[in-house]
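Chemist: Structure provided below as structure tokens; questions to follow.
The values are calculated or read from the model by the stated rules, or taken from the named source; none is laboratory data. This one's a predicted model, so the numbers in the text were calculated from it and none came from an experiment. No Cβ is skipped: glycine too gets one built from the backbone with ideal geometry, and neighbour counts run over all protein chains shown.
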Amino acid sequence: MVNIADRRGNLQLVTIYEISKILGSSLDLSKTLREVLNILVIHLGIRRGLLSLMHESGELHLVSAVGLSKEEFRRGRYRVGEGITGKVFQTGMPSVVSDISEEPTFLARTSDALEPAGDGKIAFIGVPIKAARETLGVLCIDRVVDPSQSTFDDDVRFLSMVANLIGQTVRLYRSVTAERSQLLEEQKHLKKELKGKYSLDNVIGISKAMQEVFAEVHQSAPSRSTMLLRGESGTGKEVIARAIHYLSPRKDGPFIKLNCAALSETLLESELFGHEKGAFTGAQSERKGRFELAHGGTLFLDEIGEISPAFQTKLLRVLQEREFERVGGSRSIKVDVRLITATNRDLEKAVVKGDFRADLYYRINVVSIFIPPLRERREDIPYLVEHFLEKFRLENNRELSISPRALNIMINCFWPGNVRELENCVERTATMMRGEVIDEVHFSCQQNKCLTQFLHEPIQSMPINVSGPIEVAVARGRSTIPIKEIPSADSAPQAPSSERERLIWALEQSGWVQAKAARVLNISPRQMGYALQKYNIEVKKF
């Protein structure tokens, strides 16, 4: 049979396990300490639990308690050396009062505990909360004395273990809080330094590549020149177009946008130029087109490279003469519109192949700005992640942070869908996870469920080595996201440009071991095997 001592020992082991899980689940100190005391009440049958920490005022302040009223909690303050709690903190040694009704130094400040508990005596036990030989506070409990219990050594030993776990958590919390305060000061300092440098409202970009984009936008925005924004899908061309509009003298005018790839040639003509009543079936009244609506402002045409050759001719005439006729009409309409276009296509190749008119190309390519893909400005990823997390917090009323390991995965991802894909990934992960901290296991790619891997080429970009002497942090709420300095594109090791060359390069770097090469390229072994077959690469054997 299991004796009482063994049963008590098993209960204490389970209690320690539950407490360690609670302390490691969140950096919300008040919440976790309250849950720890609740565990002690449930498992050990204590009457009251009190946890005091040293305040910056030099007094011990009660920060968490169970079994106390609000008024009793409010009174929970002690000077060092005052009462049993103050003496435990001062000496750094546990203290036991076997019967508090007979102890003159027991202040009973936070409870009416001097009243007898039925026929039993009430014992009070206090142990110091320490971390790295520094006393941070005091953990106290009171409980009805078991008549069969001769000493309180077992209680003291157990509570000391709990106090040590709490001490480590308090120390970590204070370290994170100090880092956050330091970060906020650094951010204030950086904002002062960045005055006069380039930035755009609603556009995040501290990288060199995006700073060059911002400089070009500030330079070109005040002019009337037609502009062409180039870059992969999802890089934020529309956001840049809006920034150009609001930095221009036309900022008080309308900003009208249209995606040319979303409409057929007939609908596109009607959308851009408008139509007269009766121009076609269903045209029951006249309707202004986007050119008219944008008069005095800016018209943004996205995916300009997708329009048909026939419509290219019509658009060219409008750009040359600055006038047009509505569909079904004969009256010329003049407009004052600044045109900004965007494309993710290689227009030069399209011109050579005859798919895009050369004269239209020269008309829209007066000022050209290239927006780099996300993989070429990885320094911006931590700040973009924090921006999207903040957006999720506000929309869903949830407190979320991200671990350094999880952030490192996002920094090293290829992101073929660029900023749009990053935003979707953050929102999807935050929605589907439980808890308050996003970790690496929460990402679809870590569970081999990322659909993007199947939509794009299997070879990923070279992973960024997160190393360097400077630590950057993105802080929010009660948590911090520490990462190492990200090397610039000039200092980072460069892999060959073509997919086949990158495969062979990675294999050579890894001694032709497929698993190692897959890790170098930041892809799975299965993707590696698929890529070797696709490019007909024979693995050397030694």
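Chemist: Out of K237, K277, K257, K288, which single residue is among the charged types (D, E, K, R) and farther than 30 Å from G328 by Cβ? Spell out the reasoning first.
Modeler: Working: K277 fails: farther than 30 Å from G328 by Cβ; K257 fails: farther than 30 Å from G328 by Cβ; K288 fails: farther than 30 Å from G328 by Cβ.
Just one listed residue meets the conditions, K237.
Chemist: May I ask you to verify whether T313 is within 19 Å of L263 (Cα to Cα) and among the hydroxyl-bearing types (S, T, Y)? Steps first, please.
Modeler: Working: within 19 Å of L263 (Cα to Cα): yes; among the hydroxyl-bearing types (S, T, Y): yes.
Against the criterion (within 19 Å of L263 (Cα to Cα) and among the hydroxyl-bearing types (S, T, Y)), T313 qualifies.
Chemist: Just to be sure I understand, how many residues within segment 389-435 are aromatic (F, W, Y) and surrounded by fewer than 19 Cβ atoms within 10 Å (Cβ to Cβ)? I'd like the intermediate steps shown before the answer.
Modeler: Filtering segment 389-435 for residues aromatic (F, W, Y) gives 392, 414-415.
Keeping just the survivors that are surrounded by fewer than 19 Cβ atoms within 10 Å (Cβ to Cβ) gives 392.
Qualifying residue count for the region: 1.
Chemist: For segment 335-389, which residues satisfy the criterion of being basic (K, R) and over 26 Å from A221 (Cβ atoms)?
Modeler: In the first step, residues of segment 335-389 are kept if they are basic (K, R); the result is 338, 345, 349, 353, 357, 363, 375, 377-378.
Those that are basic (K, R) and over 26 Å from A221 (Cβ atoms): K349, K353, R357, R375, R378.
Chemist: Considering only residues that are at negative phi and free of Cβ contacts under 8 Å to residues at least 60 places away in the same chain, which ones fall in segment 395-412? Write out each step before concluding.
Modeler: To start, the set of residues in segment 395-412 that are at negative phi comprises 395-396, 398-412.
Scanning segment 395-412 gives E395, N396, R398, L400, R405, A406, I409, M410.
Chemist: Which one of these is modelled with pLDDT of 85 or more, among the hydroxyl-bearing types (S, T, Y) and more than 42 Å from the chain's Cα centre (by Cα): T91, T85?
Modeler: On the way: T85 fails: more than 42 Å from the chain's Cα centre (by Cα).
On inspection, the qualifying residue turns out to be T91.
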